[in-house]
Every structure is written in C-alpha cells, then in structure tokens.
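Novice: Here's a structure for you.
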Amino acid sequence: MSGVNFKACIFDLDGVIVDTARYHYLAWRRLAHELGFDFSLEQNERLKGVSRMRSLEILLEVGGKTLSQTEMEVAAARKNAWYVDYISRLQPEEILPGVEKFLNELKEQGIKTAIGSASKNAGLILRRLNLMDRFETIVDGHKVTKAKPDPEIFLTAARELGVKVSESIVFEDAQAGVEAAHNGKMLCIGVGDPDMLEQADIIINGFEQLTWERVKTWLSR
Ligand code: B16
Ligand code: MG
C-alpha cells in the first residue's frame with residue numbers, strides 16, 4: 001500500500017455517522033410483533049447495511065412467514081413510516097463522537113468526502129444533523145439500483161468525487177458494506193465490533209481518537 005496518495009474518504013451513514021441502527025431495529029421489531037413473532041438484536045445484525053426490501057425478506061425468513069409482493073410493499077412502507085417518525089426527531093447531538101472533528105481535519109488536509117449509504121432516508125437524516133453541506137457528494141439508496149455488497153454505491157461516490165478507487169477509503173459498520181468496499185477494490189476501515197467486521201482492513205471503535213495521520217500510517221504499511 002506504500003506510496004498510495006489517498007484523496008477521498010467515503011462514509012457509510014447509519015452506524016458510522018449516527019446510530020440510527022437502533023431506530024431501524026425498533027421499527028422492524030414492531031413489524032415482527034404485528035406479524036406474530038419476536039425479533040432479537042442479534043438477528044437485527046443481519047439487516048445492517050442491506051436494502052429495505054432485502055431487510056424485510058430476512059425478517060420474514062427469521063419469522064418463518066411469507067407475504068405476497070403487495071403485502072411486502074405495504075409492510076415495508078409501514079416499517080418505514082415508523083422509522084421516519086423516529087428519525088424526524090434526531091438532533092445534531094446524536095452525531096457520533098469525534099465524527100465532526102475528523103471531518104474538519106479532512107477538510108483542512110484537502111481530502112474529499114462523500115456519503116455512501118443504502119438508505120433512502122439519508123437526506124432527511126443529514127438535514128436533521130445539519131451535515132448536508134459537509135460532504136462533496138451524497139450517494140444514497142435513490143441514486144443506485146444495486147444494494148451492498150454490490151460496490152455500486154461506493155463506485156458512484158468515487159466517480160462523483162473524481163478520484164480513483166485506489167485513492168479512496170471507505171468507513172463502514174456492516175459486513176455487507178465491508179464486502180461492497182472490497183468488491184469495488186477499495187480499502188475499508190470497519191467502525192464497531194471486531195467480531196462483526198473481521199474482513200475490514202483496519203477496525204476502529206469510533207472516531208474519537210482518530211486522526212488522518214494515523215489512518216495514513218496504518219494504510220501505508
Ligand atoms: P432505508 P447505511 C442502511 O444504511 C442501513 O444500515 C440498513 O439497515 C437499511 O435497511 C438501509 O440503509 C436502507 O435504509 O430503509 O432508510 O432506505 O448503513 O448503508 O447508511
Ligand atoms: Mg451502516
């Protein structure tokens with residue numbers, strides 16, 4: 001990796017910039033209860049980073065239920081309405097610790113930044129957190145057709161930033177996202193539980209202690 005001149009950082013949103021995973025979980029669990037089964041936090045790990053419809057398929061698999069296509073669309077819309085209700089109350093204080101400091105440092109260093117999120121609610125979340133103007137580009141679930149682990153989200157972000165994949169670093173909290181970065185031949189820093197993110201190139205537990213210098217040193221080894 002030595003000699004690579006990194007030019008961009010692409011951030012997943014849910015679980016990296018803000019902990020919306022717990023709101024997704026509350027909404028999916030509510031749907032599971034309506035459908036007559038329980039849904040644990042452990043089972044919820046399988047939904048992280050994957051699209052809304054794929055998440056519903058996994059939920060139904062867990063509960064041993066089948067729904068028609070129309071019923072699935074209605075169920076996904078119900079879950080989303082509950083989720084949007086939770087995130088409409090998000091506050092800037094919920095930005096995860098150290099994120100804004102790290103974004104400021106990247107700006108000072110001339111490193112480009114993007115959001116690469118599967119969520120169709122990314123715009124609403126970023127507006128609630130006053131972060132809309134902090135990224136050069138935002139690639140969300142409205143801009144792409146293929147869900148993570150397909151690399152489309154991250155490749156689109158790199159293209160929109162005008163950087164090569166080899167010059168980009170992805171920050172991800174979900175297995176599907178780490179795979180998506182690697183499928184796009186990008187380096188990936190896992191944010192969170194090392195047991196869930198084994199395939200990441202480096203794992204950090206958050207942004208509080210992170211500096212750009214440290215990232216460059218780790219990735220140049
Ligand atoms: P929505 P990310 C992902 O966001 C979430 O991790 C995942 O749990 C969710 O199902 C997906 O967005 C779609 O979200 O229902 O809001 O469109 O982690 O890629 O930022
Ligand atoms: Mg995520």
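Novice: For the stretch 83-133, give me the residue count where each residue is basic (Lys, Arg) and closer than 17 Å to residue 20 by Cβ. So that I can check it myself, show each step before the final result.
Specialist: Keep residues of the stretch 83-133 that are basic (Lys, Arg), which gives 89, 101, 107, 112, 120, 127-128.
Then keep just the ones that are closer than 17 Å to residue 20 by Cβ; that gives 89, 120, 127-128.
Residues that pass the stated criteria total 4.
Novice: Yes or no: the stretch 65-76 includes at least one residue that is open to solvent by 30 Å² or more (accessible area, probe 1.4 Å) and under 25 Å from residue 129 (Cα atoms).
Specialist: Step one: of the stretch 65-76, the residues open to solvent by 30 Å² or more (accessible area, probe 1.4 Å) are 65-71, 73-74.
Of the ones still in play, those that are also under 25 Å from residue 129 (Cα atoms) are none.
Within the stretch 65-76 (the criterion being open to solvent by 30 Å² or more (accessible area, probe 1.4 Å) and under 25 Å from residue 129 (Cα atoms)), the answer is no, since none of the residues qualifies.
Novice: Looking at 139, 144, 165, which is the one that is over 24 Å from residue 42 (Cα atoms) and away from ligand 1 (no atom under 16 Å from the Cβ)? Quick ask: steps written out before the conclusion?
Specialist: Working: 139 fails: away from ligand 1 (no atom under 16 Å from the Cβ); 144 fails: away from ligand 1 (no atom under 16 Å from the Cβ).
Matching residue, one of 139, 144, 165: 165.
Novice: Same structure again: Given the structure, is residue 55 assigned to a helix (DSSP H, G or I), among the small types (Gly, Ala, Ser) and on the phi < 0 side of the Ramachandran plot? Step through it out loud before you land on a result.
Specialist: Numbers: assigned to a helix (DSSP H, G or I): yes; among the small types (Gly, Ala, Ser): yes; on the phi < 0 side of the Ramachandran plot: yes.
So residue 55 passes the test.
Novice: What about residue 126, is it assigned to a helix (DSSP H, G or I) and open to solvent by less than 30 Å² (accessible area, probe 1.4 Å)? Don't jump to the end; show me each part of the working.
Specialist: Values: assigned to a helix (DSSP H, G or I): yes; open to solvent by less than 30 Å² (accessible area, probe 1.4 Å): yes.
It is true that residue 126 is assigned to a helix (DSSP H, G or I) and open to solvent by less than 30 Å² (accessible area, probe 1.4 Å).
Novice: When both residues are 6+ apart or on different chains and their Cβ atoms are under 7 Å apart, which pairs have a first residue that lies in the stretch 47-74 and is within 20 Å of residue 175 (Cβ to Cβ) and of a type in the set (A, V, I, L, M), and a second that is at pLDDT below 95 and part of a loop (DSSP other than H, G, I, E, B)?
Specialist: Every condition considered, the pairs that remain are 50/118; 50/147; 50/148.
Novice: Right, something else. Quick one: is residue 118 open to solvent by less than 40 Å² (accessible area, probe 1.4 Å), touching a Lys or Arg at 6+ places or on another chain (Cβ under 8 Å) and in the same structural domain as residue 192 (by TED's automatic domain parsing)? Before you say what the answer is, go through the steps one by one.
Specialist: Numbers: open to solvent by less than 40 Å² (accessible area, probe 1.4 Å): yes; touching a Lys or Arg at 6+ places or on another chain (Cβ under 8 Å): yes; in the same structural domain as residue 192 (by TED's automatic domain parsing): yes.
Yes, satisfied.
Novice: Looking at 65, 101, 107, 79, which is the one that is away from ligand 2 (no atom under 16 Å from the Cβ), in contact with a helix residue (DSSP H, G or I) (Cβ under 7 Å, 6 or more places away or on another chain) and not in a loop (DSSP other than H, G, I, E, B)? Write out each step before concluding.
Specialist: Numbers: 65 fails: not in a loop (DSSP other than H, G, I, E, B); 101 fails: in contact with a helix residue (DSSP H, G or I) (Cβ under 7 Å, 6 or more places away or on another chain); 107 fails: in contact with a helix residue (DSSP H, G or I) (Cβ under 7 Å, 6 or more places away or on another chain).
Checking each option against the conditions leaves just 79.
The values are calculated or read from the model by the stated rules, or taken from the named source; none is laboratory data. These numbers come from a predicted model, not from an experiment. Backbone-built Cβ (ideal geometry, glycine too); neighbour counts: all protein chains shown. When the accessible area is computed, the model is the full protein with side chains, heavy atoms only, and any ligands, DNA or RNA have been set aside. Shrake-Rupley method; radii C 1.70, N 1.55, O 1.52, S 1.80 Å.
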